[in-house]
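Here's the structure we're looking at; comments come further down.
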Amino acid sequence: MTQQQSTPLPSSAGTAYTIRTGRLIDPETGSAKTDQFVSVKDGRIVEVGSSAPHLEGAEMIDLSNFSVLPGLVDAHDHLAITYKKFPENNYFYYTYVQDSTAIRAIQAVSNGLQILSSGFTVERDCGNCGLYADTALRVAIEQGWIPGPTIINSGIIIGGMGGQFNPTPEMVKQHDIVYPEYLDADTPDEIVKAVRQNVLFGAKFIKIMVDSQPYPYTVDDMRLFVKEAANAGGLKVAGHVQTEEGARRAIEAGIWSIEHDIALIEHDNAHTDELHKLMAQKGIWRVGTETPLTDYGVSFYGGVSQAEFDRRVKGLKSAYANGVKMAFSTDADYYVPGMTRGEVVINFLKSWKASGIPAKEILKIMTVNGYKVSDIYDKRGPIKPGFPADIIAVKGNPLEEIDALRTVVFVMKDGLVFKRDGVMTPEKFLHSGPVNGWSIR
Ligand SMILES: [Zn+2]
């Protein structure tokens with residue numbers, strides 16, 4: 001146990017729980033044990049076993065009718081943006097004009113609560129957060145002001161001039177309106193500086209637009225990103241990739257992850273297997289954001305067609321067959337009336353189920369792989385002594401039927417109960433000051 005792992009979480013200091021589990025699931029091995037107890041003290045797991053140790057003042061939580069497991073991970077979303085049918089016609093370009101960083105930070109808090117309620121205790125936040133609303137969200141949760149998932153955030157997305165957009169000359173010259181959504185970096189000096197700016201303002205990884213403009217990053221450009229991110233605290237580089245050429249360059253450069261499956265399933269999956277084999281060889285993460293086929297429109301592309309969905313599912317099958325490291329990821333940054341953000345996110349199970357990947361593998365992808373792609377596996381996630389107590393419970397057995405994850409009845413985050421009997425109970429998380437300290441790192 002490291003020093004950090006034995007330190008109580010101040011917001012949870014003095015609390016103790018003994019959780020009685022019906023079925024305690026280990027997603028790593030895809031197995032379960034019955035009638036286990038998980039003991040939690042000062043925010044951390046102290047013991048897991050078939051008998052409960054005596055913990056002074058511990059409250060017993062009876063989850064004997066449920067499956068108990070570690071929290072889920074959405075490895076690609078943007079909590080500080082919510083684009084909508086009205087007024088921006090689901091075109092996120094206009095959301096940046098409409099919503100200030102301040103209102104987006106508040107949206108991020110709400111979205112964080114909603115996905116935590118659906119069992120997501122970790123979220124990898126991939127930019128498009130105005131002027132660092134993502135850092136504000138992470139810090140607010142870490143300092144103990146509000147409940148929320150653990151946030152692994154990228155800061156501002158770095159790209160060649162123009163980012164992901166086709167801005168007007170006025171926007172580029174005056175650097176306003178769609179900036180600061182994207183940080184321009186076109187030369188080696190600018191690349192180093194952009195990485196450093198994000199690190200300075202609280203990024204936990206670096207996100208780049210590899211090929212959104214007709215002047216994609218070269219292999220050397222991306223190697224420089226990887227080198228400078230590593231220099232700045234060992235951060236990893238995630239690449240938004242949308243062309244096959246971009247994917248080949250990103251793989252050659254050895255970036256940490258390819259975000260989105262678009263580039264991998266181009267041309268009716270003609271090169272999908274080949275690209276996946278290369279990714280598997282190099283150990284590059286596939287963060288595919290496989291949008292499900294639904295009856296609601298989900299993007300400014302106007303939703304997903306049956307043909308597109310079929311190509312995605314084929315892509316998932318190929319990635320699995322070729323042993324690519326995969327993460328559950330959504331890019332679900334839009335408003336669907338009548339659904340919480342958590343419900344929109346968990347609905348991505350539809351794509352995974354369609355791929356035929358076994359439930360226990362999907363569960364491992366949504367937990368263990370999520371901690372790994374977020375680069376926190378040695379600090380948080382698994383239910384084991386010394387780790388922060390991030391624990392959920394669901395009806396049914398997700399090892400056999402993955403849709404069991406849609407009914408999350410209990411959520412514990414950092415050793416505090418956030419949801420009990422299917423109802424959110426956030427009071428214990430709310431404080432009038434930074435109970436966990438003031439650091440932004
Ligand atoms: Zn995204």
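The stretch between Thr340 and His267 holds 22.8 nm of extra length on full extension. This uses 0.36 nm per residue minus the Cα-Cα distance.
Protection proxy ranking for 200-211, 87-98, 147-158, using the average of other Cβ atoms within 10 Å per residue and placing the highest first: 147-158, 200-211, 87-98. Residues in region 191-307 average 41 Å² of solvent-accessible surface per residue, probe 1.4 Å, ligands and nucleic acids excluded. Of Trp145, Trp285, the residue with the largest accessible area leads and the full order is Trp145, Trp285 (1.4 Å probe). Taking other residues whose beta carbon is less than 12 angstrom from the beta carbon of Ile157, and scoring Lys, Arg as +1 and Asp, Glu as -1, yields -4. Over the chain, dividing the summed -39,500 (n - 2.57) contributions of all DSSP H runs of at least 4 residues by the number of residues returns a 222 nm mean residue ellipticity of -9000 deg cm²/dmol.
Say R0 is 56 Å: what FRET efficiency, to the nearest 0.05, do Ser50 and Glu427 get from their beta-carbon distance?
According to the calculation, E is roughly 0.95.
Here the label points at Val435 and Ser110, each 7 Å from Cα along the C-beta direction, are separated by 2.5 nm in the simple model. I'd like the orientation of helix 188-200 relative to the chain: the angle between its Cα long axis and the longest Cα principal axis, in ° from 0 to 90, rounded to 10. It is inclined by approximately 30 degrees. Computed over the alpha-carbon pairs of the chain, the distance histogram in 20 Å steps reads 27, 59, 14, 0 percent, short to long. The lysines whose alpha-carbon is closer than 19 Å to the alpha-carbon of Lys360, local same-chain residues fewer than 8 away aside, are Lys33, Lys317, Lys325, Lys350, Lys372, Lys395.
Taken about its Cα centre, the chain carries a charge dipole of about 920 debye when Lys and Arg each add +1 at the Cβ and Asp and Glu each add -1 at the Cβ.
Where does helix 101-117 land angle-wise versus the long Cα axis of the chain, in degrees 0 to 90, nearest 10? Roughly 40 degrees between the two axes. Peptides 277-283, 341-347, 105-111, 34-40 ranked from most to least packed, by the mean per-residue count of other Cβ atoms within 10 Å: 341-347, 105-111, 34-40, 277-283.
Spacing of the modelled spin labels on Asp310 and Asn65, each 7 Å from Cα toward Cβ, amounts to 4.4 nm. Cα centroid separation, region 133-153 to region 212-282: 28 Å. Rounded to the nearest 20 debye, the dipole magnitude of region 170-243 is 440 debye, with +1 charges on Lys and Arg beta carbons, -1 on Asp and Glu beta carbons, and the Cα centre as origin. Distance cut-off 22 Å, Cα to Cα: go down the list Lys84/Lys204; Lys236/Lys314; Lys41/Lys419; Lys314/Lys379 and report the pairs above it. Check vs 22 Å cut-off fails for Lys84/Lys204; Lys236/Lys314; Lys314/Lys379.
Using a Förster radius of 45 Å, what is the FRET efficiency between Glu400 and Asp189 based on their Cβ-Cβ separation? Nearest 0.05, please.
Numbers: r = 54 Å, r/R0 = 1.21.
With R0 = 45 Å, the Cβ-Cβ based efficiency is 0.25.
DSSP assigns beta bridges within the chain; of those with both partners inside it, close to 50 percent run antiparallel. Modelled label positions at Ile103 and Glu245, each set 7 Å beyond Cα in the direction of Cβ, lie 4.0 nm from each other.
Equivalent-ellipsoid semi-axes (√(5λ), Cα gyration tensor) for region 189-294, whole Å, largest first?
In descending order, the three semi-axes are 25, 14, 13 Å.
The phi torsions of region 394-405, fed into the Karplus equation with coefficients 6.51, -1.76 and 1.60 and a -60° offset, translate into couplings of 10, 6, x, 10, x, 5, 10, 9, 5, 5, 4, 5 Hz, rounded to whole numbers, with Gly and Pro shown as x. Of the peptides 332-339, 189-196, the order by per-residue mean of other Cβ atoms within 10 Å, starting with the highest, comes out as 189-196, 332-339. Loop-located chymotrypsin sites (Phe, Trp or Tyr not before Pro) in region 356-441 (DSSP state other than H, G, I, E, B) with a sparse environment of at most 10 neighbouring Cβ atoms within 10 Å: Trp438.
So how much slack lies between Tyr91 and His175, counting 0.36 nm per residue of separation and subtracting their Cα-Cα distance, in nm?
Details: separation 84, 0.36 × 84 = 30.24 nm, distance 2.05 nm.
Additional length available on full extension: 28.2 nm.
Accessible area of His175 (1.4 Å probe, protein heavy atoms only, ligands and nucleic acids ignored): about 100 Å². If you sort Ser355, Ser305 by accessible surface, 1.4 Å probe, largest first, the order is Ser305, Ser355.
In a simple Cβ point-charge model (Lys, Arg +1; Asp, Glu -1; nothing else charged), region 65-199 has a dipole of about 260 debye relative to its Cα centre.
The values are calculated or read from the model by the stated rules, or taken from the named source; none is laboratory data. Just so it is clear, the structure is predicted and the values come from calculations on it, not from any experiment. Neighbour counts run over all protein chains shown; Cβ positions are idealised from the backbone, glycine included. The area values use the complete protein model at the heavy-atom level, side chains included, leaving out ligands, DNA and RNA. Shrake-Rupley method; radii C 1.70, N 1.55, O 1.52, S 1.80 Å.
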